[in-house]
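The values are calculated or read from the model by the stated rules, or taken from the named source; none is laboratory data. Everything quoted here is computed from the prediction, not taken from an experiment. Virtual Cβ from ideal backbone geometry, glycine too; neighbours counted across all protein chains shown. Ligands, DNA and RNA are stripped out before the accessible areas are found, and what is left, the full protein with its side chains, is counted by its heavy atoms. Shrake-Rupley method; radii C 1.70, N 1.55, O 1.52, S 1.80 Å.
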Amino acid sequence: MRPLQISPETAQKLAKTLNVPLEQIMHMPQHILVAKLAEAEAKEKKEKETNE
């Protein structure tokens, strides 16, 4: 499997957002990355609603 075709800046931002190592982001299957992003977004939305 080849690495994701994303910019280094995007990879760094994703690694920080998902709290995983940069190398893991680059070799993560795309469908898993999308699922983790959706999960992180849902968590952020829930926290935002709780704080309001």
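Pairs, please: C-beta under 6 Å, at least 6 apart or cross-chain, first residue under 15 Å from GLU39 (Cβ atoms) and among the aromatic types (Phe, Trp, Tyr) and in the range 8-28, second exposed (fewer than 14 other Cβ atoms within 10 Å of the Cβ) and modelled with pLDDT under 90?
Close Cβ pairs satisfying both conditions: none exist.
Results for (1) part of a helix (DSSP H, G or I); (2) open to solvent by 100 Å² or more (accessible area, probe 1.4 Å), shown as yes or no for each residue.
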| residue | (1), (2) |
| --- | --- |
| LEU4 | no, no |
| THR10 | yes, no |
| LYS13 | yes, yes |
| LYS16 | yes, yes |
| MET28 | no, no |
| HIS31 | yes, yes |
| LEU37 | yes, no |
| GLU41 | yes, yes |
| LYS46 | yes, yes |
